[in-house]
Each structure stands twice: as C-alpha cells, then as structure tokens.
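The values are calculated or read from the model by the stated rules, or taken from the named source; none is laboratory data. Everything numeric here is computed off the predicted structure, so don't read it as measured data. Because the Cβ atoms are built from the backbone with ideal geometry, glycine has one as well, and the counts that use them run over all protein chains shown.
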Amino acid sequence: MPFETWPRWLLAVLSGVIVSLAFPKADLGVFAWVGFVPLFYAVLNAPMGQVFFYSWLQGLSFFSVSLYWIGITLHNFTSMPLWLTPGPLVLLAAIEALYGAVAIWAATYVSRNLPIALFIALPISWAGLEWVRATFPIGFPWNLLGDAAYRNLVLIQYAEFTGVYGVSALIMLFNAVLFEVLHRDGASRRKAWALSTVTVAMIGAAVFGLLRIQQLDKQTPDGVLKLAMAQGNIAEEVKWDPDFRANGFAAYTQATVFAARNQADMVIWPEAAATFIFQPEGKYPDSLASDAQYRQMLLTLARETKLPILFGALALRRSDDGFAPVNRAYLVSADGQVESYYDKIQLVPFGEYVPLRWLLGSLVKAVAAGFGDLVPGGQQTIFSFKGAHLGILICYESLFPDLTRRAVANGADVLVNITNDAWYGTSAAPYQLLSMAAMRAVENHTPMVRVANTGISAVIDPLGRIRANTELFKRTTRLVTVKFRPRRTVYAMVGDLFAEICCGLTALGLIIASLRPTSLKPREVGISHFVSLNGSR
C-alpha cells in the first residue's frame, strides 16, 4: 500500500482529519469506518512509546479540526484576543486525545503480549476509554465515535443495549479488520478470521435494526402531545441587555399567542429564554423589582392564553454563602401556577463553572472575562403533563448518555432538550449537538423535543429520525406532534454496563500482559500482529 511510504506523523494527522469529517458539518459518516486505517499504518512495527505518541497525534488532529468553533466562540463572547484563541482549543484537544491514545496503546500492548487478536482488543479498549472520557475527570463526551453513525438508523438500533459505546466499538472493529485485509503481510487465515468476525457483527446489527424499526413503527402510541417549539432567535450580543428585555419577551409572547390560537397543548421556550431572574415563590429584593414584574407578566401570559409554558430561566438558590445562580427549567400551568422546575446538573466546564477553581480561577478570569459562576442541581425532576412524563435536559446535558438514560429510568417517556446555541454561530457545533441528541433518543427509544434559541430545533423520534428541524438563525414557532409510549430499554435499566465491562477488561488485560514472563511474550511486530498463536492453529 502507498501508505507504507508516508511519514508516520503525516499519516496520524491525516487519520484525525479524515475521522473529523465523519461528523457534522461535513457529515461524511462513512469516513469514521475507514479513517483509522492511516493511523494503523503509522504505528505499524513501532515501539510502544511511538504507538502512544502517534495515536495521541491523531486525536490532537481530530479534536482540533472537529472542535474548531471553540476558538471562534471564545473570541466572540469573551475578552480573549483572537490570537490567543488557538491556545485553549489545542489544550483541550491535547487532553481529549489522551483517551484515544491510551485505548490504542493498551490494545496494542495486550495483543503483542497475549493470545488476543488486536481487532478484538481494540474495540473493547476504545469503548472503555470513551466511557472514561465521558465520565472522568469532568466529562466531555463530545463527538464520541459512535455519534458519527447517527444517520445510519439500521446499524445503530442495538445502542438500546450498549449505549453509543457499542456503536463506537463496531466502527473501530471495522477499521481494524479493514487494515488487516489491506495490509499485504497479513496471513490469509488471519484475514479470514477477521472478516468473519466483522461480517457476523455487521449482519447481526443490521438484522436487529431492521426488525426493531419495523416493530416500533407498528406500535400504537399511548399518547400524543401537540407542542409548539418557540425559536426566538435572540442574538447573544443583545439578549441580556436590559434595554432589549422587552423586545425579547415580546418575541416569546407572540410565539405563545400563536401556539394558543393553534390549540397546542404546550409551548416550549428555549434555555434562558426568560432573561430575568425567575423565583418560583415570587420573593424578590427591591433590587430585582423589574425581574419580579416580568415574572408576573409570564404567569399572566400563561393564564390569559390558557396555555402551559415550559421555559428556561436563571434563578437564585439559597446556599451557605447566601444565594447562588442556577440554570433552571420551569413548567407553568395554564392557570399561571409554577408546577415544577429542574436545575441543570451537568454544567459546561469553563462556560458555566470553572473546574478546580482554587487552582484555575484566577488564571481563567485574567485571560477571558465572561465565564459563568453557576452551581449545579442536585437531582433530576420529571415533569408530569397530560399523561406524559417529561425528562428535561438543558443544553449540554444531551451529550451525556448516562444522565439522559437516568431521566428515562426515573419515568420519563418524552425527553425535552432546551438549549441556547447562539454561542456557536453558523459553525458545526449546532449540527453536532443535534446528532448527539439523536443518539440519546435511540439509546432509550424515547422521543426527544429539542428547542433552541437560534436553532436547530427539532423532534427526534425513538428510532433516531430527525424531523421538523428548523433553520439556523430564523425566528419561528413550529407546531409538532410527539407520540410517546412508555418503554425501558436494557440501556435505560443497566446504564453503561457494557462500557464499564470494556474498561474493566482493558485494565485486566494490561495487568495480565504485564505480569506474563518475558520469555513467553511474542516479539513486538506492531499493530498488524493479530496473534500468531491463533493464526497458526
């Protein structure tokens, strides 16, 4: 193959770029299934230290390209100069790349020292390390490998058992087998074994997906909600300007009146659509008298239109130091009463809070003003409405498989994701957020209504089909119907068990491989070594 003559570092960078193109906006999902092949050539016959380095370089390339919008957002909405913005992006990419590097290094080490084929070890270690990336130390599951397959509805339905991590494992399996087939030094028997494994896996996933799609499409729903998605399209530059507050509130008032005239069951406003402090009990200090007035106006709007309103707003929650701001979702009834509220649990690191504030707080404030100081909520709240139970996800929370499935496990049969994606402009970020939300619906076979300030608002059905999606930066109120049927998938019940087992198996494999006597270890021959012991039997 011509790849064998390329510089290793160039192959690693190329691999990262190819895989990044599998995600929105490019959305060339097939690239995820082949994009790691150049990396495998880069680490072919390489010492273990180089395996780690080139794998890390691939991840650095992938995250730098797929998360390019971070630099633009920092420049537009903080005091950070444009020339400084590549710094945080590259730093984040360098940190996130470590997880993939560890996964590939671990699988290679195990396959070189134990009779375990790499194309078996690698999908396991990759799924396990993706789970770690989504969980520790602060959790950043943006663009997990399986998310690239969100449009392939047939192949992703088995995520109801494994979560997105199982889809990631299948994609990595395909990459590893493809390399084994292309690599000219591979033994024919080994290639046949690899091809048989991936063929069985792909056919099994496809057959199951086809049957599940047919089954769910034929099921009669237990209920139907007619909802109005209010996309106010309020620019972030003016959203919090006190002089613009009346205009913003008027936009959502008009949307609510339109929804009421069209006999919607509920109107949903996006995250922080109410640009004032909304206290559930209506108690305000004199300094927040204007906020109290707008609170009353919102309650009056619901009462006069006889329409429930689900909306996002900031609130103040009592704490040891007085009052702390929270990002909250409210449900106000048709008679103007506060029914329920939910405080966002999973805050955006460095956006809504600063991790390790005692260490990083002063540095962050010195480099870029504009970061929030919110506090997280403590528990999920399920809203009850017209026979449905609504699980609320605020913005970034839709990235987290476990947080979403816990809402479903706690009784939600409709997921509502309110978000404000105005920060990202017309970059790839809103499209990436939508693709990840689609995977959450598939994992739990639960419909999701996604309502965004500037878009993309949409309804995602339990099979992951995206419909009624709006255009970016267009003010609109979209009427949609959402069919729901209480259902608990295996994933909703057991959570990340598959990925946790993969993580445990990876750790166990490393321990056993490291303890094996040196005299019994096979010679290191690189990533193409798919176990000569198995190949020679």
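Checked across the stretch 4-16, the condition of being in a helix (DSSP H, G or I) and modelled with pLDDT under 95 holds for at least one residue. Exactly one residue out of 217, 265 is touching a residue at least 12 places away in the same chain (Cβ under 8 Å), acidic (Asp, Glu), surrounded by 13 or more Cβ atoms within 10 Å (Cβ to Cβ) and under 30 Å from residue 444 (Cβ atoms), and it is 265. When the stretch 380-437 is limited to residues that are of a type in the set (Gly, Ala, Ser) and closer than 20 Å to residue 139 by Cβ, the one that is surrounded by the fewest Cβ atoms within 10 Å (Cβ to Cβ) turns out to be 409. Specify the residue that is nearest to residue 316 (Cα to Cα); the eligible residues are those in the stretch 244-262 that are crowded, with 23+ Cβ neighbours inside 10 Å and touching a Leu at 6+ places or on another chain (Cβ under 8 Å). Result: 256. Screening residue 238 on (1) in a helix (DSSP H, G or I); (2) in contact (Cβ under 8 Å) with a residue 12 or more places away in the chain shows it passes everything except condition (2). Can you find, within the stretch 112-139, the residue that is nearest to the chain's Cα centre (by Cα) among those that are surrounded by fewer than 24 Cβ atoms within 10 Å (Cβ to Cβ) and in a helix (DSSP H, G or I)? Top of the filtered list is 134.
Of the residues making up the stretch 241-252, those that are in contact with a strand residue (DSSP E or B) (Cβ under 9 Å, 6 or more places away or on another chain) and in contact (Cβ under 8 Å) with a residue 40 or more places away in the chain are 249, 251, 252. Restricting attention to the stretch 25-33, does a residue exist that is on the phi > 0 side of the Ramachandran plot and either surrounded by 15 or more Cβ atoms within 10 Å (Cβ to Cβ) or within 29 Å of the chain's Cα centre (by Cα) (or both)? Yes.
Table: residues versus (1) at positive phi; (2) at pLDDT below 95; (3) in contact with a Phe, Trp or Tyr (Cβ under 8 Å, 6 or more places away or on another chain).
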position	(1), (2), (3)
82	no, yes, no
91	no, yes, no
100	no, no, yes
103	no, no, yes
115	no, yes, no
126	no, no, no
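Taken over the stretch 193-214, the residue count meeting the criterion of being over 28 Å from residue 389 (Cα atoms) and in contact (Cβ under 8 Å) with a residue 60 or more places away in the chain is 4. Would you confirm, using the coordinates I've provided, whether residue 328 is among the charged types (D, E, K, R) and closer than 28 Å to residue 142 by Cβ? Spelling it out, residue 328 is indeed among the charged types (D, E, K, R) and closer than 28 Å to residue 142 by Cβ.
Quick one: in the stretch 223-243, of everything that is surrounded by fewer than 18 Cβ atoms within 10 Å (Cβ to Cβ) and at pLDDT 95 or above, which residue is nearest to residue 336 (Cα to Cα)? Going through the qualifying residues, I end up with 226. In the stretch 68-87, the count of residues that are under 21 Å from residue 144 (Cα atoms), of a type in the set (Phe, Trp, Tyr) and without any contact (Cβ under 8 Å) to a residue 60 or more places away in the chain is zero.
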